[in-house]
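First up is the structure itself, then whatever we jot down about it.
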Amino acid sequence: MRYPLPLTHPPAGAFFEWTGTFDDEQARFLDEHGFIRFRGFASMDEVEMIRGELGAIQDEWIRENREVVNGIPIKWGVDEDGSRFVNRYAFTSHFSQRLAGFFEDPRWETVRTMCGPDFRLGLDEKDGLVVNHYLNVPGSNYTKLGWHIDALRDVFYGKLPEPMWNVGLYLDDSHRDKGALRVIPGTHKQNLAAMFLGKAHFMAHDDDPREYLVEADAGDLTLHDGRLWHRVGSPQLSGPASRRRTMYVPFLNGERQAKDESSKTPFYHRFSKYVR
Ligand SMILES: O=C(O)CCC(=O)C(=O)O
Ligand SMILES: [Fe+2]
């Protein structure tokens with residue numbers, strides 16, 4: 001066991017049930033801590049549908065030997081049977097009508113308003129709908145993810161961070177033994193220097209006495225502020241039991257910057273393979 005730290009200090013116990021509405025208590029929680037988690041946003045049927053669509057997209061990408069979508073490199077790994085699998089998908093909803101249709105459900109309008117009245121769902125901006133598939137096997141390039149803030153990617157794209165939210169839907173149960181998402185509550189209110197220098201982006205994997213372990217089950221939804229420090233911890237499990245699939249979609253405001261097949265690979269992604 002490597003977790004002697006008080007990972008369940010306040011806001012421990014912060015589990016909100018998804019009821020289709022966003023109330024004042026939840027709004028206060030989100031503002032104060034920079035993240036929130038809802039139980040039961042998607043049904044298990046929907047989770048199964050999404051897992052199936054991901055398998056079909058992966059088969060298609062293997063057949064066409066796809067390396068990039070709209071300038072964003074796909075990260076590939078090799079599973080325990082020696083088969084290639086996708087560690088990180090980008091713009092995933094562009095490859096499945098059922099997945100794209102899922103985002104037309106009115107639930108996403110509620111999520112959008114949680115982000116702010118002028119925010120929009122960015123299915124064709126940034127990296128679009130990202131799916132992370134963590135598997136702790138030797139051929140996997142994705143078993144954990146170092147400390148970072150998502151908004152810093154803007155800096156790599158040559159811009160100052162703009163407001164953004166990353167909204168995550170869990171496709172597998174994700175508890176401490178899978179590493180799980182760790183956040184440092186309240187750091188979305190830090191200054192620019194702390195954003196740049198607080199930790200070595202993506203390279204630091206240290207336990208932090210301030211970190212809070214966000215455990216979640218398949219179908220749960222999380223929102224986190226793009227300025228919040230977070231990471232995915234190191235799994236204790238290995239093999240198929242360590243499988244952790246999460247899908248993230250950005251909510252953005254400001255100028256719309258849609259990407260397409262002619263979009264260039266951002267500088268940041270050209271060296272990201274060295275920092276895992
Ligand atoms: O898999 C997760 O829960 C977090 C992923 C993440 O932080 C990212 O892709 O930027
Ligand atoms: Fe992130």
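The values are calculated or read from the model by the stated rules, or taken from the named source; none is laboratory data. Here the structure is a predicted model, which means the values were calculated and not measured. No Cβ is skipped: glycine too gets one built from the backbone with ideal geometry, and neighbour counts run over all protein chains shown.
If you go through segment 215-261 and keep only what is within 11 Å of ligand 1 (Cβ to nearest atom), closer than 23 Å to residue 51 by Cβ and among the basic types (Lys, Arg), you end up with 244, 245. Residue count for segment 1-34 satisfying the condition of being closer than 19 Å to residue 207 by Cα and at pLDDT 95 or above: 0.
Table: residues versus (1) within 21 Å of residue 111 (Cα to Cα); (2) touching a Gly at 6+ places or on another chain (Cβ under 7 Å).
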{"residue": "139", "(1), (2)": "no, yes"}
{"residue": "146", "(1), (2)": "no, no"}
{"residue": "162", "(1), (2)": "yes, yes"}
{"residue": "184", "(1), (2)": "no, no"}
{"residue": "188", "(1), (2)": "yes, yes"}
{"residue": "200", "(1), (2)": "no, no"}
{"residue": "204", "(1), (2)": "no, yes"}
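Within this structure, residue 210 fails the test of being away from ligand 1 (no atom under 16 Å from the Cβ), within 29 Å of residue 53 (Cα to Cα) and either charged (D, E, K, R) or touching a residue at least 12 places away in the same chain (Cβ under 8 Å) (or both). Only a single item in (1) at pLDDT below 95; (2) under 28 Å from residue 184 (Cα atoms) is not met by residue 87, and it is number (1). So in segment 136-156, with the set limited to residues that are more than 15 Å from residue 199 (Cβ to Cβ) and more than 14 Å from ligand 1 (Cβ to nearest atom), which one is surrounded by the fewest Cβ atoms within 10 Å (Cβ to Cβ)? The extreme case among them is 138.
Given the criterion touching a strand residue (DSSP E or B) at 6+ places or on another chain (Cβ under 6 Å) and farther than 22 Å from residue 239 by Cα, identify the matching residue among 32, 17.
On the way: 32 fails: touching a strand residue (DSSP E or B) at 6+ places or on another chain (Cβ under 6 Å).
Every option except 17 fails the conditions.
Which residues, taken from segment 219-241, are in contact (Cβ under 8 Å) with a residue 60 or more places away in the chain and aliphatic (A, V, I, L, M)?
Residues satisfying the conditions are 221, 223, 228, 232, 237.
Within segment 191-202, residues that are under 15 Å from residue 231 (Cα atoms) reach partners that are surrounded by 14 or more Cβ atoms within 10 Å (Cβ to Cβ) and polar (S, T, N, Q) with beta carbons closer than 8 Å, at six or more positions or on different chains, in the pairs 198/187; 198/190; 202/272. Has segment 115-122 got any residue that is of a type in the set (D, E, K, R), in contact (Cβ under 8 Å) with a residue 60 or more places away in the chain, within 16 Å of ligand 1 (Cβ to nearest atom) and surrounded by fewer than 22 Cβ atoms within 10 Å (Cβ to Cβ)? Within segment 115-122, none of the residues are of a type in the set (D, E, K, R), in contact (Cβ under 8 Å) with a residue 60 or more places away in the chain, within 16 Å of ligand 1 (Cβ to nearest atom) and surrounded by fewer than 22 Cβ atoms within 10 Å (Cβ to Cβ).
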